[in-house]
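Q: Before anything else, here's the structure in question.
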Amino acid sequence: MTLQWLTAGMGRSILNILVLTLTATGTATGHATQFRHRAAKPKPVHHEVAVVKDQDGVAEARLIEIYKLIGQAQNREALVKADRLVEEYPHFQLAQLVHGDLLAAQIRPLKTFGDVPEALSVGVAPALAELREESQRRVRALRERPAPGTVPSQFLALSQKSRHAIAVDASRSRLYLFENTANGLNLVADYYISVGKAGTAKSAEGDQRTPLGVYYITSNLDPKSLKDFYGSGALPISYPNMLDSKRGKTGSGIWLHGTPPNQFSRPPQATDGCVVLANPDLQHIIRTVEVRTTPVVIATQLQWVPPQSARAESKPFEEALLGWRNAKTSGNLQQVLTYYTPDFNSNGKNLAQWMPTLKTEIDQTQGRTIQLKDVSYLRWTDAADTMVVTFGEVADGTRIGWTKRQYWIRQENQWKIFFEGLI
């Protein structure tokens, strides 16, 4: 059998274990009911086999290994590993589901993931549905891979100061980690993730949705300062960003974080808005990425494109950015102001209030050519077309400049700045 998954049945003994596990633990979403600022309280589980404490998410990594063996049509080897996994972790619900499918594959065709007979599924149908959805998403991620050499369409240009980048595809429950090399972005790893219980497109505090947009990792929280609920650590991101604020969105505390030590399975939609990963996956990300310079794109569905086509689409914006730089170099304040929207905002200052700052910057350049260094720009397109731009601004002959972030919006085929601030 291949990644069409399994094509045969389910053993009754393993079904009884699975249903017992689901009944004992309620659902597969241990953290879905207590998400952010309260420690999860695991419910007691009763088994004939002793539970072995998970060591940094080893159980989840072993399940992925079983999936890969199934994808390689090595079901016998997969069953051996599944036997050991469920013996050591009898409360690992998704492992029980896969184990049952592997056993039953030798008897009869499966109708679905976890093909539990109706008589046994009474009372646990919602939890089974969540496990099936999780399993399907994991298998789909192994089967459907991004085309080699492609990148998410949001990444138009990334400075070498951003050594890594992250993209989240909510529709696939997947987080992709990239290394930014001299030859462009290189996909180095991807992981299963959960998002908000109410889905994506966060707009208000407490709506249990995960935000969509372009963000940056703002800090790395010491796991010693966190409850076990957050697992091996947390990386807060910059929600709400300036586009979110412009649109009146509220809320805060959106993190990439881990899971309680005893938690294994979790549905694709199981959080209060954060992006949640298995602990070993999060640990790898924490060890790899840099605070403040790592962008995080969260999309309903990522569009993967060749890098050269993404750059070709960015030409009109590059011309606008160059025009702004040239206008500022010329020292003509009125010409520079034509690049800003009427509702421009800079950390609470409107355009009129911010104008003295802009005039001071122009005066300080004294007619010298302004150079833009280490330029990054990421595109976000929904109801509007926006660009998140980061660069160093330095006048020729000087060694000191500013590191800035601008938000541009396309209005009637013209790019305009609606936010500008120092980093």
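The values are calculated or read from the model by the stated rules, or taken from the named source; none is laboratory data. In this text, all values refer to a predicted model and were calculated from it rather than measured experimentally. We place every Cβ from the backbone using ideal geometry, glycine too, and count neighbours over all the protein chains shown. These area figures cover heavy atoms from the full protein model, side chains too; ligands, DNA and RNA do not enter into them. Shrake-Rupley method; radii C 1.70, N 1.55, O 1.52, S 1.80 Å.
Q: How about the stretch 231-257: which of its residues are crowded, with 24+ Cβ neighbours inside 10 Å, touching a helix residue (DSSP H, G or I) at 6+ places or on another chain (Cβ under 6 Å) and modelled with pLDDT of 95 or more?
A: Matches in the stretch 231-257: His257 only.
Q: Shifting gears a bit: Out of all the residues in the stretch 98-109, is one or more assigned to a helix (DSSP H, G or I), closer than 21 Å to Asp190 by Cβ and open to solvent by less than 50 Å² (accessible area, probe 1.4 Å)? Can you show your working first?
A: So the first thing to find is which residues in the stretch 98-109 are assigned to a helix (DSSP H, G or I), and the list is 98-104.
Now restrict to residues that are closer than 21 Å to Asp190 by Cβ: 98.
Among the residues that remain, those that are also open to solvent by less than 50 Å² (accessible area, probe 1.4 Å) are: 98.
Looking through the stretch 98-109, at least one residue is assigned to a helix (DSSP H, G or I), closer than 21 Å to Asp190 by Cβ and open to solvent by less than 50 Å² (accessible area, probe 1.4 Å).
Q: Give the stretch 157-185 a look and list any residue that's farther than 18 Å from Thr218 by Cβ, open to solvent by 10 Å² or more (accessible area, probe 1.4 Å), out of contact with any Pro (no Cβ under 8 Å at 6 or more places or on another chain) and part of a strand (DSSP E or B), or say none.
A: Passing the criteria: Ala157, Arg174, Glu179, Asn180, Thr181.
Q: Also, quick follow-up: Scan the stretch 216-230 residue by residue and report those that are assigned to a loop (DSSP other than H, G, I, E, B) and at pLDDT 95 or above. First the steps, then the outcome.
A: In the first step, residues of the stretch 216-230 are kept if they are assigned to a loop (DSSP other than H, G, I, E, B); the result is 218-220, 222, 226-227.
Residues satisfying the conditions are Thr218, Ser219, Asn220.
Q: Of all residues in the stretch 362-376, how many are buried (at least 16 other Cβ atoms within 10 Å of the Cβ) and of a type in the set (Gly, Ala, Ser)?
A: Result for the stretch 362-376: 1.
Q: Is it fair to say Arg266 is charged (D, E, K, R) and either touching an Asp or Glu at 6+ places or on another chain (Cβ under 8 Å) or without any contact (Cβ under 8 Å) to a residue 40 or more places away in the chain (or both)?
A: Values: charged (D, E, K, R): yes; either touching an Asp or Glu at 6+ places or on another chain (Cβ under 8 Å) or without any contact (Cβ under 8 Å) to a residue 40 or more places away in the chain (or both): yes.
Judged against the criteria, Arg266 is a match.
Q: For Leu282, only one of the following conditions fails: (1) within 14 Å of the chain's Cα centre (by Cα); (2) open to solvent by 10 Å² or more (accessible area, probe 1.4 Å); (3) not β-branched (Val, Ile, Thr). What is its number?
A: Only one criterion in (1) within 14 Å of the chain's Cα centre (by Cα); (2) open to solvent by 10 Å² or more (accessible area, probe 1.4 Å); (3) not β-branched (Val, Ile, Thr) is unmet by Leu282, namely (2).
Q: Also, I was wondering about something else. When you scan the stretch 345-365, how many residues do you find that are of a type outside the set (Val, Ile, Thr) and under 26 Å from Thr398 (Cβ atoms)? Spell out how you get there, then give the answer.
A: So the first thing to find is which residues in the stretch 345-365 are of a type outside the set (Val, Ile, Thr), and the list is 345-356, 358-359, 361, 363-364.
Next cut, under 26 Å from Thr398 (Cβ atoms) only: 346-347, 349, 354-356, 358-359, 361, 363-364.
Counting residues in the stretch 345-365 that are of a type outside the set (Val, Ile, Thr) and under 26 Å from Thr398 (Cβ atoms) gives 11.
Q: I would also like to ask the following. Which residue is least open to solvent (accessible area, probe 1.4 Å), if the candidates are limited to the stretch 285-304 and must be out of contact with any Phe, Trp or Tyr (no Cβ under 9 Å at 6 or more places or on another chain) and within 18 Å of Val58 (Cβ to Cβ)?
A: In this case the residue turns out to be Ile286.
Q: Here's a follow-up. Residue check: is Ala327 assigned to a helix (DSSP H, G or I) and surrounded by 18 or more Cβ atoms within 10 Å (Cβ to Cβ)?
A: Details: assigned to a helix (DSSP H, G or I): yes; surrounded by 18 or more Cβ atoms within 10 Å (Cβ to Cβ): yes.
Yes.
Q: Right, something else. Being farther than 21 Å from Val275 by Cβ and buried (at least 21 other Cβ atoms within 10 Å of the Cβ) narrows it down to one of Gly196, Gly114, so name that one. So that I can check it myself, show each step before the final result.
A: On the way: Gly196 fails: farther than 21 Å from Val275 by Cβ.
So the residue among Gly196, Gly114 that is farther than 21 Å from Val275 by Cβ and buried (at least 21 other Cβ atoms within 10 Å of the Cβ) is Gly114.
Q: For the stretch 383-400, enumerate the residues that are part of a strand (DSSP E or B), open to solvent by 10 Å² or more (accessible area, probe 1.4 Å), closer than 18 Å to Ala327 by Cβ and of a type outside the set (A, V, I, L, M, F, W, C).
A: Our first condition is that a residue be part of a strand (DSSP E or B); within the stretch 383-400, this holds for 385-395.
Those still in the list that are open to solvent by 10 Å² or more (accessible area, probe 1.4 Å) too: 385, 390, 392, 394-395.
Then drop every residue that is not closer than 18 Å to Ala327 by Cβ, which leaves 394-395.
Result: no residue meets the conditions.
Q: Follow-up. Checking Glu130 against (1) touching a Ser or Thr at 6+ places or on another chain (Cβ under 9 Å); (2) open to solvent by 10 Å² or more (accessible area, probe 1.4 Å); (3) at pLDDT below 85; (4) of a type outside the set (Lys, Arg), which test does it fail?
A: (3)
Q: Further, regarding this structure: Does Gly273 meet the test of being out of contact with any helix residue (DSSP H, G or I) (no Cβ under 8 Å at 6 or more places or on another chain) and either within 20 Å of Tyr377 (Cβ to Cβ) or not acidic (Asp, Glu) (or both)? Outline the logic, then answer.
A: Details: out of contact with any helix residue (DSSP H, G or I) (no Cβ under 8 Å at 6 or more places or on another chain): yes; either within 20 Å of Tyr377 (Cβ to Cβ) or not acidic (Asp, Glu) (or both): yes.
Criteria met by Gly273.
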